[in-house]
Each structure stands twice: as C-alpha cells, then as structure tokens.
Amino acid sequence: MTVGTTPGRFLTVREAARRLKVSTATVYKACARGEMPCVRVLNVLRIPEGGLGGGRSSCLTVETPRHRHVPRDG
C-alpha cells in the first residue's frame, strides 16, 4: 500500500458468509486452512472485501503486548 491510499473494506465473518452463500463455519474453516485471506486482531476475524475472489493466503494475526496470551504453568 502506498502513502495516501486507503485500505479496502473488511467484512465480518457473517458478511463474508452471506456474500458467498455459505455458513459462517465454512468461512472460519477456509481462513484456518489458508484458503481465504483474513486478519485477526486480538480475537476478531475480518476478511478483506477483495479477498472473496479466492486464492490461497495465510491469516495475519496481530497481537498487542498487553493482551498477548501467556500460557500458565500447571
């Protein structure tokens, strides 16, 4: 992305499922398998509007230090 351009719109899982005429579970599974591009910020999954055309891509996870999951011992 170049400076001065705005990123595309992101869809919720429900919006993406509606547009594709599939269940939300199918969208989640496609993202998990890398078949649909997605962005996860903390625990919210979003699909780039332009990513509904297909193509393999991995999911990008964005974490903030104060919310990062740290496994506990025991």
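Residue-wise test of (1) at pLDDT 75 or above; (2) touching a Cys at 6+ places or on another chain (Cβ under 7 Å); (3) closer than 17 Å to R9 by Cβ; (4) among the charged types (D, E, K, R).
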residue: R19; (1), (2), (3), (4): yes, no, yes, yes
residue: S23; (1), (2), (3), (4): yes, no, no, no
residue: V27; (1), (2), (3), (4): yes, no, yes, no
residue: N43; (1), (2), (3), (4): yes, no, no, no
residue: P48; (1), (2), (3), (4): yes, no, yes, no
residue: G54; (1), (2), (3), (4): no, no, no, no
residue: T64; (1), (2), (3), (4): no, no, no, no
residue: R68; (1), (2), (3), (4): no, no, no, yes
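Close contacts from the stretch 34-54, counting a first residue that is surrounded by 14 or more Cβ atoms within 10 Å (Cβ to Cβ) and a second that is at pLDDT 85 or above and assigned to a loop (DSSP other than H, G, I, E, B), with Cβ to Cβ under 7 Å and a gap of 6+ residues or different chains, come to R46/T12; I47/M36; I47/P37; P48/P37; E49/R9; G51/M36; G51/P37.
The values are calculated or read from the model by the stated rules, or taken from the named source; none is laboratory data. These figures come from a predicted structure and were not determined experimentally. For neighbour counting, all protein chains shown are included, and Cβ atoms are generated from backbone atoms with ideal geometry for every residue, glycine included.
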